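A.B. asks: Okay, here's the structure, questions in a sec.
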Amino acid sequence: MFFSIMQNPMIFKTFELIVFQASFLNLVFIGKQGVGKGTYAQRLKTEFGIPQISTGDLLREEIKSGSELGKKLEAIMNSGSLVPDEIVIKMFEKRIQQGDAEKGFILDGFPRTENQAKTLDSLMKKTRKKIDLVLNFIAPDKVLLERLTGRRQCRQCGTIYHIKNVRPKIDGICDKCSGQLYQRDDDKEEAIRKRWGLYEKQTKPVLSFYKKQKKIVEIDASKEVSEIYPNIIKTLKSKKIIG
Ligand code: ADP
Ligand code: ZN
């Protein structure tokens, strides 16, 4: 029965449409380091049940595995440099093919170079998906620096906290899994300034790429998370991406 339906071109077309329309809310989050995109992505993930795909987290997982590749990545990331496109793209492709990404996804930290943006575009075309919207989070450097140096992350589940703004119930311990909180080496000021420099150089072209496609909206990320998150939801509604 199923196969005979699939052999009928008309029905197959309808079937295909239904399947691919079920993939909704494909978002890209862009913003300088410290703008809090990981935190907003985690909230959206909880509310809409779609995965947050963070290339930073994927790379850190590889480091945790203790592999040879992981050792190389650790040195690159601790120095504040970008990981070469071919490595990141390979990891990203593997992750996006997992079943949970069929319902939609929030890309956090990818694409970060023009080459990655182009690769993502052709990957979307191949799988008949599309990026619905690119959210560009903006805040002044002074605000970002305070956020970054105060940022702590759970070693076990990756949840992000802040020593002033998003405090765990017990200092140094994750509320969700009781894992240990730590400061990433790349959150120290020197590495931050280096990453900002790279952002200007390598990620700004990504913004131009999506501007041409008219897919960018700017989100003021200088306020409290409690104000920014509702603003994201409002923006998604105004663009008719969510109901
Ligand atoms: P941040 O956004 O604060 O830099 P991430 O966790 O997203 O934090 O990334 C940490 C590091 O991982 C980056 O500094 C970079 O070395 C590497 N990385 C993450 N995503 C990418 C990417 N798309 N391309 C190249 N390197 C990446
Ligand atoms: Zn945790």
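A.B. asks: Hey, among Gln153, Gln202, which residue is polar (S, T, N, Q), within 13 Å of ligand 1 (Cβ to nearest atom) and in a strand (DSSP E or B)?
C.D. replies: Residue meeting the stated conditions: Gln153.
A.B. asks: Separate question: Quickly run through the range 120-142 and pick out the residues that are surrounded by 15 or more Cβ atoms within 10 Å (Cβ to Cβ) and either touching a Cys at 6+ places or on another chain (Cβ under 6 Å) or part of a helix (DSSP H, G or I) (or both).
C.D. replies: Result: Leu120, Asp121, Leu123.
A.B. asks: Name the residue, out of Lys211, Lys194, that is closer than 20 Å to Asp121 by Cα and out of contact with any helix residue (DSSP H, G or I) (no Cβ under 6 Å at 6 or more places or on another chain).
C.D. replies: That would be Lys211, the only listed residue that is closer than 20 Å to Asp121 by Cα and out of contact with any helix residue (DSSP H, G or I) (no Cβ under 6 Å at 6 or more places or on another chain).
A.B. asks: Out of Lys169, Lys212, report the one residue that is more than 16 Å from ligand 2 (Cβ to nearest atom), over 27 Å from Ile63 (Cβ atoms) and without any contact (Cβ under 8 Å) to a residue 40 or more places away in the chain.
C.D. replies: Just a single option satisfies the conditions, and that option is Lys212.
A.B. asks: Any residue in the range 35-60 that's touching a residue at least 40 places away in the same chain (Cβ under 8 Å): show its pairings with residues that are crowded, with 20+ Cβ neighbours inside 10 Å and of a type in the set (Ser, Thr, Tyr) at Cβ separation under 6 Å, as long as the two are six or more apart or on different chains.
C.D. replies: none
A.B. asks: Tell me the residue from Ser81, Ser122 that is touching a helix residue (DSSP H, G or I) at 6+ places or on another chain (Cβ under 8 Å) and either farther than 23 Å from Leu44 by Cα or within 16 Å of ligand 2 (Cβ to nearest atom) (or both), please.
C.D. replies: Matching residue, one of Ser81, Ser122: Ser81.
A.B. asks: Taking the range 161-187 as the search range and keeping residues that are surrounded by 15 or more Cβ atoms within 10 Å (Cβ to Cβ) and within 12 Å of ligand 1 (Cβ to nearest atom), which one is farthest from Leu73 (Cα to Cα)?
C.D. replies: In this case the residue turns out to be Asp187.
A.B. asks: Follow-up question, since we're still on this one. Give the residues of the range 178-209 that are over 22 Å from the mean Cα position of the chain (by Cα) and within 16 Å of ligand 2 (Cβ to nearest atom), sorted by residue number.
C.D. replies: Across the range 178-209, the qualifying residues are Ser178, Gly179, Gln180.
A.B. asks: Collect the residues in the range 89-113 that are among the β-branched types (Val, Ile, Thr) and more than 13 Å from the chain's Cα centre (by Cα), keeping them in residue-number order.
C.D. replies: Ile89, Thr113
A.B. asks: Report yes if Lys211 is modelled with pLDDT of 95 or more, away from ligand 1 (no atom under 16 Å from the Cβ) and assigned to a helix (DSSP H, G or I), otherwise no.
C.D. replies: Against the criterion (modelled with pLDDT of 95 or more, away from ligand 1 (no atom under 16 Å from the Cβ) and assigned to a helix (DSSP H, G or I)), Lys211 qualifies.
The values are calculated or read from the model by the stated rules, or taken from the named source; none is laboratory data. Remember, predicted model here, so these are calculated numbers, not experimental data. Here Cβ is always computed from backbone atoms with ideal geometry, including for glycine, and neighbour counts include all displayed protein chains.
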